[in-house]
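Where a number appears in this text, it was derived from the coordinates with a stated rule and is not lab data. Small disclaimer: the values here were computed from a predicted structure and weren't measured. Positions of Cβ are backbone-derived with ideal geometry, glycine not excepted, and every protein chain shown enters the neighbour counts.
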Amino acid sequence: MKASAPAKIILFGEHAVVYKKHALVTAVNLRCYADVRKSSNFKIISPLGTTSLDFEVHPWISFAIKNFSKIKPIEGAEVKIESEIPIASGLGSSAAVTVSVLKALDAEFEAGLTNDDIYEIARQVEIDVQGMGSGTDPFISTLGGMWLVPKRERLKFKDFDILVVDTKEKSITSEMVRKVAELRDKYPDIINPIFDAIDGITLKAVKVLKSEIDKEVNKNELSELIFLNQCLLKAIGVSSIKIDEIVEKLKEKGIAAKLTGAGGGGCVIAIGNIQNVDLENSFIVKPEKEGVRIEQ
Ligand code: PMV
C-alpha cells in the first residue's frame, strides 16, 4: 500500500515557541510517498540508499517499523520512499517520511490504527531519533492544515502562495536551539523581550489571516510582519550569510522574506509579490489542508 504525508513550514514564531510563545505552522503541498509491501525480510529503498533496518542511514523509517512492530508484529516489509521534500532544510521531511511509512504499514498489515495512533507513534519516533522535540512536525504532517501552536488551534485560511528559497545549507535544529539557549542564559533581560516581540508578531499575523478569511490575504501587512520576524531572528543569531543574501536579494525586489525553522541554513520563505521571482533553488508552495493519506 502507498501513503503520503505533507511537509510543513513555520510561518512565524520559530525559536520563541521553544519558550512557550506562539508559532504559526502550516502543512504545505510537498509530499513524501511511502510504498510498503509485505516481505520475508526488511528492505528500505530511499534517496539515501538501499538498506535493511538501519538506524544510521534510515533512523526515522527504522524506528517507525520497530515501533509499529510493537503493536502489530511483522516478519518483514519492503519500503520504498519517494519524496518531494528537501532533506534537513527545516521543511519537516523526517516527520513526513515517518508518518507516511506508518500509514502505509497500517494499511498493508491491516493494523487498524487511527491517525491519532499514527501521530503518537511518530511522536515516539521523534524522541527515539532526536531525544527531544516538540511533536509539532509529526502533528502537522499527520493532520495537515494551518495551526497555532503550542495550543493547537486549527486556523481556516484563504489559499495563498509561499515562495521557498533553499539555501542548500544544512539546518541542524538541536545545534541552533542550543545556541539560542546559551544566548538567553547569558542575556535573559535582552533575549526574553525578543521572544515576547516575536510572540506579538505571530499573534498579529493570526489576526490578519483570520480577518482576511473571505478576502484576498493582506500581503502587505503579512510582509511587514515577516520583515520584523526576520530582524529578530537575526538578532538571536540564527540567520546566516547565505540567508541574509537571499533576504537582501528579495528586499531589492520589494519582497520581505524570513528564514523558516531552526535557521543557520535551510530555507527562506516569502509571501506577497512573488510570482515572477527567479532565484536559484526557489519554488512556490501552498498551504495544504490534507494530512496523511492513502494513495490509490
Ligand atoms: O528546523 P525545524 O523544522 O526542525 O524547526 C525548528 C523550530 C524550532 O522552534 C527552532 C525548534 C522547535 O522545536 O520548535
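Remarks
- Alpha-carbon gyration tensor eigenvalues x 5, square-rooted, for the range 2-153, Å: 26, 15, 14
- Over the range 102-216: Rg over Rh, Cα atoms, Kirkwood Rh: 1.03
- Within a Gaussian network of the chain (alpha carbon springs, distance under 10 Å), most fluctuating of 167, 260, 98: 167
- All lysines inside 19 Å of residue 70 as judged from Cα atoms, apart from same-chain residues fewer than 8 positions distant: 38, 43, 103
- Ordered by the number of other Cβ atoms lying within 10 Å of each residue's own Cβ, fewest first, 97, 177, 17 fall into the sequence 177, 17, 97.
- In this structure the amide hydrogen of residue 28, modeled in the peptide plane, comes within under 5 Å of the amide hydrogens of 7, 8, 9, 288, none closer than 5 places in sequence on its chain.
- For the range 162-285, relative contact order (Cα pairs under 8 Å, six or more residues apart, normalised by length) works out to 45 percent.
- Full extension of the segment from residue 293 to residue 155, taken as 0.36 nm per residue of separation minus the current Cα-Cα distance, would add 47.6 nm.
- The gain in end-to-end length when the residue 39 to residue 87 segment is fully stretched comes to 14.5 nm, 0.36 nm per residue minus the alpha carbon separation.
- Residues 4, 174, 239, 40 arranged by fewest to most Cβ contacts within 10 Å: 40, 174, 239, 4
- By the count of neighbouring beta-carbon atoms within 10 Å, fewest first, 201, 241, 140 end up ordered 241, 201, 140.
- Kirkwood Rh in Å, taken over the range 194-279 so that all alpha-carbon pairs contribute: 13.4
- Each listed q (0.06, 0.07, 0.08, 0.12 Å⁻¹) maps to a log10 I(q)/I(0) for the chain from the Debye sum over equal C-alpha point scatterers, namely -0.19, -0.26, -0.34, -0.75.
- Prolate/oblate/rounded call for the range 142-296, Cα gyration tensor, a/c under 1.5 rounded: rounded
- By the combined test of axial Cα extent (at least 30 Å) and Kyte-Doolittle hydropathy (mean at least 0.5), the qualifying DSSP H helices of the chain come to 188-211.
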